[in-house]
């Protein structure tokens, strides 16, 4: 059936606009909702044209006001190029750089490349986050929101705009789906596994409280003068962990763990090193972090533990377990042990001077 012809009085008007007794309205062709535009003919037509362009995906074309203010040349695509340069200047770990590269690709696709960077508003940011959450990726949406906030903060600093539309979006809450690693499960795997390097990695992570990267890439030369001199790759925090550091419930000190790592009978620079001669593995080489996580998860699965509908804990959860155990033990400050730089965790790390901080042990 052919569409009904418009009244003669409405034919000169833009599509979707109607005039009734001198009052203009706009009907959204997508959902049929009608909006009032007032009685000013010129203003009503201007608003309707802009709305039709928006619906047609043509709003990316610079407006006259953008050309007058210089915003025409400051497009979203050009800002993404600038932001990429700023990210490249940051001293970050390799994994962080990979993550940022992925988010930058998503950032470029999120908003029209040719639209003025200053035209991106809160609604557009909110819709972008809702789209990610609709895919079931709440954790990604949470991280991408932080990335958006950083992006617009840098834009303000560069003079490209005056506000941060992402900062006022609702925070993305994430329901924890991964189970914590209880000490009894840790010990069950530690005593059961026959993989020597995995036992050593678990022991070092538990007693030291350091991340898997720190444990995997540590060298024997980092242990001297009674301490493990660990410069965290992720945060740059410099932590001196006394070799006398001892986790009572585990029955081992950091010095005990180091001694155990030396007892593999293999010459290596690394406490956590390959100990198995199979599948072309080179004994003595350092273990890749992903392999540590993969083998840990596979061995843990063999225990047949019911995690109550949550995902099985990974090797990274040992760091959380260590923190909880030392907190219960009471003689070590977990915040110092974990090397957090956030001011809310410990003031020791707020000065950013790069000094070595010794983890204290209360006698």
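Can you name the condition, by its number, that residue 231 falls short on among (1) surrounded by fewer than 13 Cβ atoms within 10 Å (Cβ to Cβ); (2) without any contact (Cβ under 8 Å) to a residue 12 or more places away in the chain? It is condition (1) that residue 231 fails.
Are there any helices (runs of 4 or more DSSP H) wholly within segment 1-110 with 2 or more residues that are modelled with pLDDT under 85, and if so which?
Details: elements: 41-55, 64-69, 76-88, 94-110.
Correct list: 41-55, 64-69, 94-110.
Out of 232, 212, 246, 238, report the one residue that is under 27 Å from the mean Cα position of the chain (by Cα) and farther than 24 Å from residue 293 by Cβ. Step through it out loud before you land on a result.
Values: 232 fails: farther than 24 Å from residue 293 by Cβ; 212 fails: farther than 24 Å from residue 293 by Cβ; 246 fails: under 27 Å from the mean Cα position of the chain (by Cα).
Just one listed residue meets the conditions, 238.
Please tell me if residue 311 is touching a residue at least 24 places away in the same chain (Cβ under 8 Å), surrounded by 13 or more Cβ atoms within 10 Å (Cβ to Cβ) and in contact with a strand residue (DSSP E or B) (Cβ under 7 Å, 6 or more places away or on another chain).
Details: touching a residue at least 24 places away in the same chain (Cβ under 8 Å): yes; surrounded by 13 or more Cβ atoms within 10 Å (Cβ to Cβ): no; in contact with a strand residue (DSSP E or B) (Cβ under 7 Å, 6 or more places away or on another chain): yes.
So residue 311 fails the test.
Scanning segment 296-316 for residues that are assigned to a loop (DSSP other than H, G, I, E, B) and touching a helix residue (DSSP H, G or I) at 6+ places or on another chain (Cβ under 7 Å) returns 303, 305, 312, 314, 315, 316. Scanning segment 238-267 for residues that are in contact with a strand residue (DSSP E or B) (Cβ under 8 Å, 6 or more places away or on another chain) and assigned to a loop (DSSP other than H, G, I, E, B), we see that the one that is farthest from residue 322 (Cα to Cα) is 266. Of the listed requirements (1) assigned to a helix (DSSP H, G or I); (2) under 21 Å from residue 229 (Cβ atoms); (3) at pLDDT below 90, residue 327 misses just one: (2).
Scanning for something surrounded by fewer than 19 Cβ atoms within 10 Å (Cβ to Cβ) and not in a loop (DSSP other than H, G, I, E, B), does segment 270-280 turn up at least one residue? No, every residue in segment 270-280 fails to be surrounded by fewer than 19 Cβ atoms within 10 Å (Cβ to Cβ) and not in a loop (DSSP other than H, G, I, E, B).
Selection within segment 245-262: residues that are under 17 Å from residue 191 (Cα atoms) and free of Cβ contacts under 8 Å to residues at least 60 places away in the same chain. The member of this set that is surrounded by the fewest Cβ atoms within 10 Å (Cβ to Cβ) is 251.
The values are calculated or read from the model by the stated rules, or taken from the named source; none is laboratory data. Because the structure is predicted, anything quoted here is derived from the model rather than measured. Cβ coordinates were reconstructed from backbone atoms using ideal geometry, including for glycine residues, and neighbour counts include every protein chain displayed.
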